[in-house]
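So the structure is just underneath, and the comments pick up after that.
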Amino acid sequence: MSRFRVSVHIVPRQGILDPQGKAVADALHTLGFRGVADARIGRHVVLDVSAVSPEAAGAAVREMCDRLLANPVTEDYEIAGVETLP
Amino acid sequence: MKFGIVTFPGSNCDYDAFRAVKDVLGAEAVYLWHKSHELQNADVVILPGGFSYGDYLRAGAIARFSPIMQEVATHARRGGPVLAVCNGFQIACEAGLLPGALLRNAGLTFLSQQVILRVENADTLFTNRYAPGQLLRVPIAHGEGRFTADPETLERLESEGRVVLRYVNAAGQLDAESNPNGSQRAIAGIVSAEGNVMGMMPHPERAVELVLGSRDGLGIFQSMMAQVSA
(Lines give C-alpha, C1' and ligand atoms only; values in the text may rest on other atoms or scores of the structure.)
Protein backbone atom coordinates (compact mmCIF):
# COMPACT_ATOMS: atom_id res chain seq x y z
CA MET A 1 0.00 0.00 0.00
CA SER A 2 1.16 3.54 -0.73
CA ARG A 3 -0.23 6.84 0.36
CA PHE A 4 -1.73 9.31 -2.06
CA ARG A 5 -3.05 12.83 -1.83
CA VAL A 6 -6.19 13.05 -3.95
CA SER A 7 -7.87 16.37 -4.59
CA VAL A 8 -11.35 16.65 -5.98
CA HIS A 9 -13.42 19.56 -7.30
CA ILE A 10 -17.13 19.57 -6.57
CA VAL A 11 -19.21 22.23 -8.32
CA PRO A 12 -22.92 22.99 -8.78
CA ARG A 13 -24.12 21.37 -11.98
CA GLN A 14 -24.38 23.69 -14.97
CA GLY A 15 -27.93 24.93 -15.38
CA ILE A 16 -28.71 24.81 -11.66
CA LEU A 17 -29.01 28.29 -10.21
CA ASP A 18 -25.92 29.07 -8.10
CA PRO A 19 -26.78 32.35 -6.36
CA GLN A 20 -23.36 32.54 -4.75
CA GLY A 21 -21.64 32.21 -8.12
CA LYS A 22 -24.01 34.76 -9.61
CA ALA A 23 -23.24 37.26 -6.84
CA VAL A 24 -19.51 36.80 -7.46
CA ALA A 25 -19.93 37.12 -11.26
CA ASP A 26 -21.89 40.37 -10.72
CA ALA A 27 -19.13 41.71 -8.45
CA LEU A 28 -16.49 40.82 -11.04
CA HIS A 29 -18.50 42.68 -13.69
CA THR A 30 -18.61 45.70 -11.38
CA LEU A 31 -14.82 45.52 -11.13
CA GLY A 32 -14.62 45.65 -14.90
CA PHE A 33 -14.01 41.98 -15.68
CA ARG A 34 -16.50 42.04 -18.52
CA GLY A 35 -15.27 38.76 -19.92
CA VAL A 36 -16.71 36.70 -17.07
CA ALA A 37 -19.72 34.88 -18.48
CA ASP A 38 -20.43 32.62 -15.52
CA ALA A 39 -19.06 31.75 -12.08
CA ARG A 40 -19.89 28.70 -10.02
CA ILE A 41 -18.72 28.23 -6.46
CA GLY A 42 -18.04 24.75 -5.21
CA ARG A 43 -15.69 22.87 -2.89
CA HIS A 44 -12.16 21.60 -3.18
CA VAL A 45 -11.56 18.54 -1.01
CA VAL A 46 -8.10 17.12 -0.34
CA LEU A 47 -7.90 13.54 0.96
CA ASP A 48 -4.87 11.53 2.07
CA VAL A 49 -5.66 7.89 1.34
CA SER A 50 -3.86 4.56 1.33
CA ALA A 51 -4.27 2.47 -1.80
CA VAL A 52 -2.38 -0.04 -3.93
CA SER A 53 -2.05 2.37 -6.87
CA PRO A 54 -2.91 5.94 -7.93
CA GLU A 55 -5.75 4.49 -10.00
CA ALA A 56 -7.14 2.68 -6.97
CA ALA A 57 -6.86 5.86 -4.90
CA GLY A 58 -8.78 7.78 -7.57
CA ALA A 59 -11.43 5.07 -7.78
CA ALA A 60 -11.90 5.12 -4.01
CA VAL A 61 -12.35 8.89 -4.02
CA ARG A 62 -14.86 8.66 -6.87
CA GLU A 63 -16.89 6.25 -4.75
CA MET A 64 -16.62 8.67 -1.80
CA CYS A 65 -17.98 11.41 -4.06
CA ASP A 66 -20.86 9.24 -5.24
CA ARG A 67 -21.82 8.26 -1.72
CA LEU A 68 -21.12 11.38 0.35
CA LEU A 69 -18.91 14.18 -0.92
CA ALA A 70 -21.11 15.28 -3.84
CA ASN A 71 -24.88 15.45 -4.13
CA PRO A 72 -25.78 13.46 -7.27
CA VAL A 73 -28.91 15.59 -7.75
CA THR A 74 -27.19 18.95 -8.00
CA GLU A 75 -23.41 18.64 -8.19
CA ASP A 76 -20.69 17.39 -10.52
CA TYR A 77 -17.21 16.40 -9.41
CA GLU A 78 -13.87 15.73 -10.99
CA ILE A 79 -10.61 14.38 -9.62
CA ALA A 80 -8.25 17.34 -9.86
CA GLY A 81 -5.06 15.49 -9.01
CA VAL A 82 -3.49 12.38 -7.49
CA GLU A 83 -0.09 12.86 -5.89
CA THR A 84 2.03 10.08 -4.39
CA LEU A 85 3.08 10.84 -0.83
CA PRO A 86 6.51 9.85 0.53
CA MET B 1 -50.41 6.58 19.14
CA LYS B 2 -46.76 7.41 19.64
CA PHE B 3 -44.53 9.94 17.90
CA GLY B 4 -40.76 9.42 17.92
CA ILE B 5 -38.79 12.65 17.53
CA VAL B 6 -35.18 12.23 16.44
CA THR B 7 -32.51 14.32 18.16
CA PHE B 8 -29.33 14.76 16.13
CA PRO B 9 -26.41 16.79 17.44
CA GLY B 10 -27.51 20.25 16.34
CA SER B 11 -31.25 19.59 16.19
CA ASN B 12 -33.06 22.59 17.64
CA CYS B 13 -36.73 22.01 16.84
CA ASP B 14 -37.03 18.67 18.61
CA TYR B 15 -38.42 20.32 21.76
CA ASP B 16 -40.92 22.32 19.71
CA ALA B 17 -42.08 19.15 17.96
CA PHE B 18 -42.29 17.30 21.28
CA ARG B 19 -44.42 20.05 22.78
CA ALA B 20 -46.69 20.22 19.73
CA VAL B 21 -47.29 16.48 19.87
CA LYS B 22 -47.58 16.00 23.61
CA ASP B 23 -49.10 19.19 24.99
CA VAL B 24 -51.13 20.45 22.05
CA LEU B 25 -52.08 17.33 20.11
CA GLY B 26 -52.28 15.21 23.25
CA ALA B 27 -50.45 12.20 21.84
CA GLU B 28 -47.52 10.27 23.24
CA ALA B 29 -44.04 11.52 22.31
CA VAL B 30 -40.55 10.15 22.85
CA TYR B 31 -37.14 11.46 21.86
CA LEU B 32 -35.02 9.16 19.72
CA TRP B 33 -31.28 9.70 20.15
CA HIS B 34 -29.27 9.74 16.92
CA LYS B 35 -26.99 6.94 18.12
CA SER B 36 -29.87 4.66 18.99
CA HIS B 37 -30.93 1.69 16.86
CA GLU B 38 -34.37 1.60 18.42
CA LEU B 39 -37.53 3.48 17.38
CA GLN B 40 -39.21 2.59 20.70
CA ASN B 41 -42.35 1.43 18.88
CA ALA B 42 -43.06 4.89 17.54
CA ASP B 43 -45.89 4.88 14.99
CA VAL B 44 -44.70 8.13 13.42
CA VAL B 45 -41.14 9.45 13.16
CA ILE B 46 -40.45 13.19 13.07
CA LEU B 47 -37.14 14.43 11.67
CA PRO B 48 -37.02 17.90 13.20
CA GLY B 49 -35.36 21.13 12.16
CA GLY B 50 -31.96 22.38 13.21
CA PHE B 51 -28.39 22.23 12.00
CA SER B 52 -27.53 18.56 12.39
CA TYR B 53 -23.78 17.97 12.54
CA GLY B 54 -23.29 21.68 11.92
CA ASP B 55 -24.65 21.20 8.39
CA TYR B 56 -21.05 20.44 7.44
CA LEU B 57 -20.45 19.46 3.81
CA ARG B 58 -24.14 19.95 2.90
CA ALA B 59 -27.23 20.35 5.06
CA GLY B 60 -28.35 16.87 6.07
CA ALA B 61 -25.45 15.06 4.40
CA ILE B 62 -23.86 13.71 7.58
CA ALA B 63 -27.02 13.15 9.64
CA ARG B 64 -28.12 10.71 7.01
CA PHE B 65 -25.47 8.26 8.23
CA SER B 66 -26.56 8.36 11.88
CA PRO B 67 -27.41 4.93 13.33
CA ILE B 68 -31.02 5.98 13.92
CA MET B 69 -31.43 6.81 10.21
CA GLN B 70 -31.08 3.13 9.29
CA GLU B 71 -34.10 2.44 11.49
CA VAL B 72 -35.98 5.42 10.08
CA ALA B 73 -35.31 4.18 6.53
CA THR B 74 -36.55 0.69 7.43
CA HIS B 75 -39.65 2.19 9.06
CA ALA B 76 -40.28 4.27 5.92
CA ARG B 77 -39.78 1.29 3.59
CA ARG B 78 -42.43 -0.60 5.57
CA GLY B 79 -44.85 2.27 4.99
CA GLY B 80 -44.37 3.92 8.37
CA PRO B 81 -45.14 7.65 8.43
CA VAL B 82 -42.23 10.10 8.56
CA LEU B 83 -42.67 13.87 8.87
CA ALA B 84 -39.45 15.65 7.86
CA VAL B 85 -39.38 19.35 8.68
CA CYS B 86 -36.76 21.87 7.54
CA ASN B 87 -33.38 20.26 8.32
CA GLY B 88 -35.34 17.01 8.50
CA PHE B 89 -36.47 17.58 4.89
CA GLN B 90 -32.85 18.15 3.89
CA ILE B 91 -31.84 14.92 5.67
CA ALA B 92 -34.70 12.97 4.04
CA CYS B 93 -33.58 14.14 0.58
CA GLU B 94 -29.95 13.27 1.29
CA ALA B 95 -31.07 9.85 2.53
CA GLY B 96 -33.07 9.23 -0.63
CA LEU B 97 -36.39 9.03 1.25
CA LEU B 98 -37.58 11.95 -0.89
CA PRO B 99 -36.46 13.14 -4.33
CA GLY B 100 -34.66 16.39 -5.06
CA ALA B 101 -32.39 18.60 -3.00
CA LEU B 102 -32.58 21.80 -0.97
CA LEU B 103 -30.07 24.41 -2.04
CA ARG B 104 -28.98 27.81 -0.79
CA ASN B 105 -31.86 30.32 -0.84
CA ALA B 106 -31.88 32.23 -4.12
CA GLY B 107 -31.40 35.50 -2.22
CA LEU B 108 -28.45 34.00 -0.29
CA THR B 109 -29.72 35.15 3.12
CA PHE B 110 -31.13 33.10 5.97
CA LEU B 111 -34.89 33.69 6.11
CA SER B 112 -36.93 33.73 9.32
CA GLN B 113 -40.46 34.88 8.56
CA GLN B 114 -44.10 33.94 8.22
CA VAL B 115 -45.12 32.54 4.85
CA ILE B 116 -48.43 31.58 3.33
CA LEU B 117 -48.82 28.05 2.06
CA ARG B 118 -51.51 26.66 -0.20
CA VAL B 119 -52.61 23.07 0.37
CA GLU B 120 -52.26 21.50 -3.06
CA ASN B 121 -53.29 18.01 -2.04
CA ALA B 122 -55.59 17.53 0.95
CA ASP B 123 -55.80 13.79 0.43
CA THR B 124 -52.55 12.74 2.12
CA LEU B 125 -51.62 11.24 5.44
CA PHE B 126 -50.37 14.68 6.47
CA THR B 127 -53.00 17.07 5.09
CA ASN B 128 -56.37 15.28 5.33
CA ARG B 129 -57.67 17.72 7.94
CA TYR B 130 -57.30 20.65 5.55
CA ALA B 131 -59.48 21.65 2.61
CA PRO B 132 -57.99 21.63 -0.90
CA GLY B 133 -56.60 25.07 -1.64
CA GLN B 134 -56.70 26.12 2.03
CA LEU B 135 -54.17 28.79 2.95
CA LEU B 136 -51.93 28.30 6.00
CA ARG B 137 -49.76 30.79 7.86
CA VAL B 138 -46.64 28.98 9.01
CA PRO B 139 -43.11 30.26 9.70
CA ILE B 140 -39.94 29.37 7.83
CA ALA B 141 -36.40 29.61 9.23
CA HIS B 142 -33.74 28.37 6.85
CA GLY B 143 -30.76 29.27 4.71
CA GLU B 144 -31.02 26.31 2.36
CA GLY B 145 -34.61 25.76 1.36
CA ARG B 146 -34.66 26.14 -2.41
CA PHE B 147 -36.27 22.93 -3.60
CA THR B 148 -34.54 21.69 -6.75
CA ALA B 149 -35.05 18.58 -8.83
CA ASP B 150 -34.53 17.58 -12.44
CA PRO B 151 -37.41 18.29 -14.89
CA GLU B 152 -38.56 14.64 -15.03
CA THR B 153 -38.78 14.45 -11.24
CA LEU B 154 -40.74 17.72 -11.10
CA GLU B 155 -43.18 16.45 -13.71
CA ARG B 156 -43.64 13.20 -11.84
CA LEU B 157 -44.22 15.02 -8.53
CA GLU B 158 -46.85 17.23 -10.19
CA SER B 159 -48.63 14.48 -12.10
CA GLU B 160 -48.79 12.20 -9.07
CA GLY B 161 -50.18 14.92 -6.79
CA ARG B 162 -47.09 14.79 -4.63
CA VAL B 163 -46.58 18.55 -4.44
CA VAL B 164 -48.51 19.03 -1.22
CA LEU B 165 -47.69 22.62 -0.24
CA ARG B 166 -46.72 25.67 -2.28
CA TYR B 167 -45.66 29.19 -1.30
CA VAL B 168 -48.33 31.71 -2.38
CA ASN B 169 -49.40 35.30 -1.71
CA ALA B 170 -52.22 36.39 0.59
CA ALA B 171 -54.69 35.91 -2.26
CA GLY B 172 -53.52 32.34 -2.66
CA GLN B 173 -51.80 33.04 -5.98
CA LEU B 174 -48.29 32.16 -7.07
CA ASP B 175 -45.91 35.06 -7.57
CA ALA B 176 -42.16 35.51 -7.41
CA GLU B 177 -42.22 37.68 -4.26
CA SER B 178 -44.10 35.04 -2.29
CA ASN B 179 -41.63 32.28 -3.13
CA PRO B 180 -39.16 33.19 -0.38
CA ASN B 181 -36.25 30.95 -1.34
CA GLY B 182 -36.70 30.56 -5.09
CA SER B 183 -37.90 26.96 -4.91
CA GLN B 184 -38.73 25.44 -8.27
CA ARG B 185 -42.48 25.74 -8.88
CA ALA B 186 -42.75 27.37 -5.43
CA ILE B 187 -42.65 23.92 -3.83
CA ALA B 188 -42.71 24.03 -0.01
CA GLY B 189 -43.62 20.42 0.72
CA ILE B 190 -43.77 17.05 -1.05
CA VAL B 191 -44.60 13.46 -0.26
CA SER B 192 -42.88 10.23 -1.26
CA ALA B 193 -44.27 8.00 -4.01
CA GLU B 194 -45.96 5.80 -1.40
CA GLY B 195 -47.29 8.86 0.41
CA ASN B 196 -45.89 7.96 3.83
CA VAL B 197 -42.95 10.40 3.94
CA MET B 198 -43.58 14.13 3.86
CA GLY B 199 -40.87 16.77 3.64
CA MET B 200 -41.59 20.46 4.18
CA MET B 201 -39.37 23.46 4.80
CA PRO B 202 -41.92 25.48 6.86
CA HIS B 203 -42.32 24.64 10.54
CA PRO B 204 -45.81 23.36 11.42
CA GLU B 205 -44.68 22.67 15.00
CA ARG B 206 -44.13 26.41 15.45
CA ALA B 207 -47.71 27.17 14.44
CA VAL B 208 -49.86 25.08 16.76
CA GLU B 209 -51.18 27.64 19.25
CA LEU B 210 -52.50 31.19 18.90
CA VAL B 211 -49.82 32.45 21.27
CA LEU B 212 -47.33 31.48 18.55
CA GLY B 213 -49.14 33.69 16.04
CA SER B 214 -50.88 30.90 14.18
CA ARG B 215 -52.28 27.45 14.77
CA ASP B 216 -52.50 26.58 11.10
CA GLY B 217 -49.76 23.96 11.41
CA LEU B 218 -51.67 21.84 13.89
CA GLY B 219 -53.65 20.22 11.09
CA ILE B 220 -50.51 18.41 9.93
CA PHE B 221 -50.31 16.63 13.29
CA GLN B 222 -54.08 16.10 13.53
CA SER B 223 -54.06 14.59 10.03
CA MET B 224 -51.44 12.03 11.01
CA MET B 225 -53.32 11.31 14.24
CA ALA B 226 -56.61 10.79 12.37
CA GLN B 227 -55.08 8.50 9.78
CA VAL B 228 -52.68 6.48 11.88
CA SER B 229 -54.98 5.75 14.80
CA ALA B 230 -57.90 4.99 12.45
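The values are calculated or read from the model by the stated rules, or taken from the named source; none is laboratory data. Here the structure is a predicted model, which is why all the values come from computation and not from measurement. Don't worry about glycine lacking a Cβ; one is built from the backbone with ideal geometry, like all the others, and counts go over all protein chains shown. Side chains are part of the model used for accessible areas, which takes the heavy atoms of the whole protein and leaves out ligands, DNA and RNA. Shrake-Rupley method; radii C 1.70, N 1.55, O 1.52, S 1.80 Å.
Kindly state, to the nearest 0.05, the FRET efficiency for A:ALA27 paired with B:THR153, given R0 = 41 Å and r defined as their beta-carbon distance. Please list the in-between numbers first.
On the way: r = 33 Å, r/R0 = 0.80.
Calculated value: 0.80.
Between A:ALA37 and A:GLU83, the simple label model (points 7 Å from Cα in the Cβ direction) yields a spacing of 3.2 nm. Protein heavy-atom accessible surface, 1.4 Å probe, per residue over segment A:2-85: 58 Å².
Average accessible surface for segment B:1-147: 39 Å² per residue, computed with a 1.4 Å probe over protein heavy atoms with every protein chain in place. Size descriptors for the protein assembly as shown: radius of gyration and Dmax over Cα atoms are 20.8, 67 Å. Once A binds B, the 1.4 Å probe can no longer reach about 1200 Å² of accessible area, counting both sides. May I ask for the distance between the Cα centers of segment B:165-197 and segment B:74-96, given as a whole number of Å? Segment B:165-197 and segment B:74-96 have Cα centres spaced 18 Å from each other. Bridges between two residues of the protein assembly as shown, per DSSP, are antiparallel at a rate of about 70%.
Suppose R0 equals 25 Å; then what is the FRET efficiency for B:ARG78 and B:GLU160 from their Cβ-Cβ distance, rounded to the nearest 0.05? Display every interim value, and only then the final one.
Details: r = 21 Å, r/R0 = 0.83.
For B:ARG78 and B:GLU160, the calculated efficiency is 0.75.
Distance from the alpha carbon centroid of segment B:1-27 to that of segment A:20-86 works out to 38 angstrom.
Please calculate the 1.4 Å probe accessible area of A:GLU83, with all protein chains present, and give it to the nearest 10 Å². Per-residue accessible area (A:GLU83): approximately 100 Å².
Taking label points 7 Å from Cα along the Cα-to-Cβ direction, A:ARG67 and B:ALA171 give a separation of 5.3 nm. The HN-Hα couplings worked out from phi for segment B:15-32 by the Karplus form 6.51 cos²θ - 1.76 cosθ + 1.60 (θ = phi - 60°) are 5, 4, 5, 4, 5, 4, 6, 7, 8, 9, 6, x, 9, 7, 9, 9, 7, 10 Hz, whole numbers, x standing for Gly and Pro. For segment A:2-85, the relative contact order comes to 53 percent (Cα pairs under 8 Å, sequence separation of at least 6).
Of the residues in segment B:101-142, those shielded by at least 40 Å² of accessible area once partner protein chains are present, compared with the chain alone at a 1.4 Å probe, are B:LEU108.
Determine the percent antiparallel among the DSSP beta bridges restricted to chain B, to the nearest 5. Walk me through the numbers before you get to the answer.
Numbers: 23 of 39 bridges.
Restricted to chain B, the bridges split so that about 60 percent are antiparallel.
Only Cα pairs under 8 Å and 6+ residues apart enter the sum, and on that basis the relative contact order of chain B stands at 20 percent. Counting protein heavy atoms only, the protein assembly as shown has 51 percent of its accessible area on carbon and sulfur, 1.4 angstrom probe.
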